[in-house]
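Everything on this sheet refers to the single structure shown next.
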Amino acid sequence: LQEILMTAAADIKTPIMTCPLLKGKTNDDASQITDKLRKITVADIIKSMEVSVIPFAVHGGEVCSIHKLKINLYKPEHYPKHTDITEEDWEETMTVTFLRKLEDAIETHMKMLLRIRGIKIEKDNGPKSGNETDNDDSDSGKKTGGDDDDDDDEGEDTEADDLGADEQKRKKQATDEQDYEESDDDEKNEPSSVSGVVDPEMDDDEDEDGEVSKEETPEEDKEDTLEAKKEVKSVQQESKKKKRQRFVSGEKDRHIFAEGKGKTFEVHFKFHKNEPHILLAQVAQKTAQKVYVQNLGKIERCTVANCGDPQVIYYGDNPKERAEISNEEKKASPALHASGVDFAGLWEFQDKLDVRYLYSNSIHDMLNTFGVEAARETIIREINHVFKSY
């Protein structure tokens, strides 16, 4: 109640979404939707992970150590049955996204190990040795005797330097003011096309030319252009389907070999001989928990429920009448209960979901999506839901 009325945060702690299925849909249809909305990480499909180390090797003319990481993938029992993810998608995720994240994780981990060892990455000028400081002190002591005699001369010179510095500052200010005035004049004298404003006469000329060209084109040419556009669209759609992501290499990448075939992924990393030893398996496991094979939106988890859930809105075929429905009928009709808010993600399943009853306990999201009246009803509904248990 405090979060609803007093805090009124845009991002609430426990956002949910509920939506019943259309009449005639079953729990199998609901499970298909939950499988497609479920998030699948690389850690969920890892069967085994092996790391082997070659302590001394020569690569690129440098002495180094090579760490070989081999990952075997599989489909566990809890893997969603109704999903469009294939083994090709696994390969793409492992060779592109996972490898990029793993490179970044290794780099940050190595920086942390170097800091722990007290080794600075950037070359700073350290303190001088004791002998050098003593020599510097002796030299400075010798020079002080001669400097005392010239103090009077230096005082006269500094006054002249101060006067000269003041004159230079005044000259700079005058030149800066002149440059500023000239730049203003230039901006005023610029043509309208340069400043971003288009002349209306130019627009009229372009419109007239466009109208003439439209009048001159015969119907046959129009049909040809329409067919050509359709062919171009079909080619673009096919190219989008065939397009695959590519690995974006970095300046400090360490991998010298990477290959993904079906359910196996292998990568080799090169480390300098003076660098500290790294536990590659732990870094890879943490990275696997952050990389998603399937992630369709902001919904963290989605489960199959029924309309008997108090947070599900359902009034039958006519939502405007708001007729009361028995609990038995509500429990017989399936619904979805999701953690997180993503209206666009659920709108994609309009062929199975009754989006007229789509609801969320996030007042700000209801306000931005459906308007003020929906937000008002959400506040009333949430307050009633809190006090109903008392």
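The values are calculated or read from the model by the stated rules, or taken from the named source; none is laboratory data. Small disclaimer: the values here were computed from a predicted structure and weren't measured. As a convention, Cβ positions derive from the backbone with ideal geometry for all residues, glycine included, and neighbour counts pool all protein chains shown. Side chains are part of the model used for accessible areas, which takes the heavy atoms of the whole protein and leaves out ligands, DNA and RNA. Shrake-Rupley method; radii C 1.70, N 1.55, O 1.52, S 1.80 Å.
Shown for the range 34-99: the carbon plus sulfur share of the solvent-accessible area, taken with all protein chains present and a 1.4 angstrom probe, equals 49%. Place a point 7 Å from Cα of residue 26 in the direction of its Cβ. Which residues in the range 338-356 have their backbone N less than 15 Å from it? Under cut-off, by backbone N: nothing.
Packing order of peptides 318-327, 294-303, 105-114, highest average first: 294-303, 105-114, 318-327 (average count of other Cβ atoms within 10 Å over each peptide's residues). Take every pair of alpha-carbon atoms less than 8 Å apart whose residues are at least six positions apart; their mean separation over the length of the range 1-90 yields a relative contact order of 26 percent. The listed peptides 76-87, 271-282, ordered by packing as a protection proxy, come out as 271-282, 76-87 (highest mean of other Cβ atoms within 10 Å first). Between residue 10 and residue 249, residue separation times 0.36 nm minus the direct Cα-Cα distance comes to 82.3 nm.
Legend: residue pairs 75/388; 70/273; 286/388; 81/270; 70/352, Cα-Cα distance threshold 32 Å; pairs beyond threshold, 75/388; 286/388; 81/270; 70/352. Here the label points at residue 374 and residue 77, each 7 Å from Cα along the C-beta direction, are separated by 4.1 nm in the simple model.
Can you list the residues of the range 311-330 with backbone N under 18 Å from a point 7 Å past the Cα of residue 386, pointing along Cα to Cβ? Backbone N within reach: 311.
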